[in-house]
Protein chains: 2
Amino acid sequence: MKDATAPQTRIQREKRELILEAALDVFAAFGFRGSTLDQIAERAGISKPNLLYYFEGKEAIHAQLLARLLDTWLDPLRELNPKGDARAEIRAYIFRKLEMARDYPRESRLFANEILQGAPRIGDELAGPLRALVDEKVTILRAWMAEGKIAKVDPYHLIFAIWATTQHYADFDVQVRAVLGRDDEARFHDAAQFLEQLFFAGLDPR
Amino acid sequence: MKDATAPQTRIQREKRELILEAALDVFAAFGFRGSTLDQIAERAGISKPNLLYYFEGKEAIHAQLLARLLDTWLDPLRELNPKGDARAEIRAYIFRKLEMARDYPRESRLFANEILQGAPRIGDELAGPLRALVDEKVTILRAWMAEGKIAKVDPYHLIFAIWATTQHYADFDVQVRAVLGRDDEARFHDAAQFLEQLFFAGLDPR
DNA sequence: TGGTCTTTTGACCAATTGGTTAAAAGACGC
DNA sequence: GCGTCTTTTAACCAATTGGTCAAAAGACCA
């Protein structure tokens, strides 16, 4: 085995998935260097040599997780439609990002860990595809601003603000929980409502 | 030596400071588990046994850094003055936080790493003093909202949004740089201007 | 200059790390 | 039931980890 390309049997696909699932837990919590193969193997319920039968090594598992992540992470931004209504499009983008923070917090933390550590493994991805996509969407935002559809603000920092405010609920989950109280089920509903107000009205009293 | 309480000689104070400085670099970049004493010793330019002459161990160095951090991290929020002008106070708070992200990015990342990993060492600090401080300031924000000084929004999520948007420039620095281009010196100026607009007017076209 | 206290380090240690190997145990078609 | 291929693991391994120790090297003052 050990060939990552085209896993064949059902059992191979399942085991690889099982390992990636366990690895996501561990890498998201401790970062690449802070995670160990023993931890991952134990969480996956298999032996370490068995784990290494399915993946070439620690790097390979991490790389696979990052590749998958990057593939879907930017989907919400890609969907920003220049032909749609400006406010509706931005609102939808914010909500999609917030949903991702809610539904895929481990992926968000995996990404946060990688960036915090200087993006040693996805630096090229950031400078290339990510930057290109952002530039493209910034053009759309600028057009909307020129048409008077939305306020004239720095479009780059607008995107950063959307990333920051939404991902915060995944990455800083422990802090949010500590402040709001143990299990606030309305958390994401309240966050959505707040972000809507913040981005579309600011703190100006009406 | 090895007694953390009351370091006496000048040389002791300097060496401990040197070590903490090096450790901040390393812990901020790799998190607790991803950092090694050899790394820290090398960056400090001393031998590992020498490092362990000044600190009890890896935990002790990390604990000291966190203690220091927590002591100053919440200062900006503490300064939010209930007797001041609502908008001016919030604006000042945002700017102070942004300044901290600019001037102390390593501290911000150290904190981010700790939270990302589930706050195993400062969980009590979050549930205790942090929560209490936030609750206190939320009361002030609610009063301002009742007086019509600022819009009625969820005050907790408002604080989260300020934390998220400002710390983003320290924690996700690599990503910000990759998107904006290598060395955008106006970055923090633009960020300040944008945040002012976002929080005090939103995206409504004027 | 000698004596004491502080500071520094080379040599070492047990535990853990990522990873290998060879052989055992299953799975599966016949 | 048999032969082959896949899957699993016990037993290792070299390197790195956090940490110790005893002795050397400085610092400082009489």
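Where a number appears in this text, it was derived from the coordinates with a stated rule and is not lab data. None of the values given here were measured: they were computed from a predicted structure. Cβ placement follows ideal geometry from the backbone for every residue including glycine, while neighbour counts extend to all protein chains displayed.
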Next item on the list: Would you kindly work out, in nm and rounded to one decimal, the distances from the label point of B:ARG142 to those of the same position in each other copy, ordered shortest first, with label points 7 Å along Cα-to-Cβ?
Entry: 4.6
Check: Taking θ as phi - 60°, what are the ³J(HN,Hα) couplings along the range B:160-167 by the Karplus curve (6.51, -1.76, 1.60), each to the nearest whole Hz, with x for Gly and Pro?
Finding: 4, 5, 5, 4, 4, 5, 7, 5
Notebook entry, point to check: Which three extents, in whole angstrom, do the alpha-carbon atoms of the protein assembly as shown cover along their principal axes, largest first?
Noted result: 66, 61, 42
Next item on the list: Starting from a label point 7 Å past Cα on the Cβ side, list the distances from B:ALA92 to the same position in the other copies, nm, shortest first.
Entry: 4.3
Margin query: Defining the label point at 7 Å along Cα→Cβ, can you sort the distances from A:ASP71 to the same site in each other copy, shortest first, in nm?
Written below: 4.9
Notebook entry, point to check: What net charge is computed for the residues neighbouring B:THR36, neighbours being all others with C-beta under 12 Å from the C-beta of B:THR36, Lys and Arg scored +1, Asp and Glu -1?
Noted result: +3
Next item on the list: Please state, as a whole number in µm²/s, the translational diffusion coefficient that the Stokes-Einstein equation yields for the range A:81-162 at 25 °C and 0.890 mPa s, with Rh defined as the Kirkwood radius across alpha carbon pairs.
Entry: 172
Check: For the range B:10-68, what is the relative contact order in percent, using Cα pairs closer than 8 Å and at least 6 residues apart in sequence?
Finding: 39
Next item on the list: Return one quarter of the surface area of the convex hull spanned by the alpha-carbon atoms of the range B:10-68, equal to its mean projected area, in nm².
Entry: 3.5
Notebook entry, point to check: What's the angle, to the nearest 10 degrees (0 to 90), between helix A:58-73's Cα axis and the longest principal axis of chain A?
Noted result: 30
Check: Residue by residue through the range A:115-123, which ³J(HN,Hα) values in whole Hz follow from phi under the Karplus form 6.51 cos²θ - 1.76 cosθ + 1.60 (θ = phi - 60°), with glycine and proline marked x?
Finding: 5, 3, 8, x, 6, x, 9, 10, x
Checklist line | Convex hull volume of chain A per residue (C-alpha atoms, cubic angstrom) | finding: 155
Notebook entry, point to check: What net charge do the residues around B:LEU110 carry, taking every other residue with its C-beta under 12 Å from that of B:LEU110, with Lys and Arg at +1 and Asp and Glu at -1?
Noted result: 0
Checklist line | Among B:GLU185, B:GLU56, B:GLU17: highest mean-square fluctuation, GNM of chain B, C-alpha pairs under 10 Å | finding: B:GLU185
Check: By how many degrees, 0 to 90 and rounded to 10, does the Cα axis of helix B:86-103 deviate from the longest principal axis of chain B?
Finding: 30
Notebook entry, point to check: How high is the relative contact order of chain A, given as a whole-number percent (alpha carbon pairs under 8 Å, six or more residues apart)?
Noted result: 22
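Using DSSP to call loops (not H, G, I, E or B), can you name the GluC sites (Glu not before Pro) in the range B:60-112 whose Cβ has at most 15 other Cβ atoms within 10 angstrom?
Here the sparse-neighbourhood loop sites are B:GLU79.
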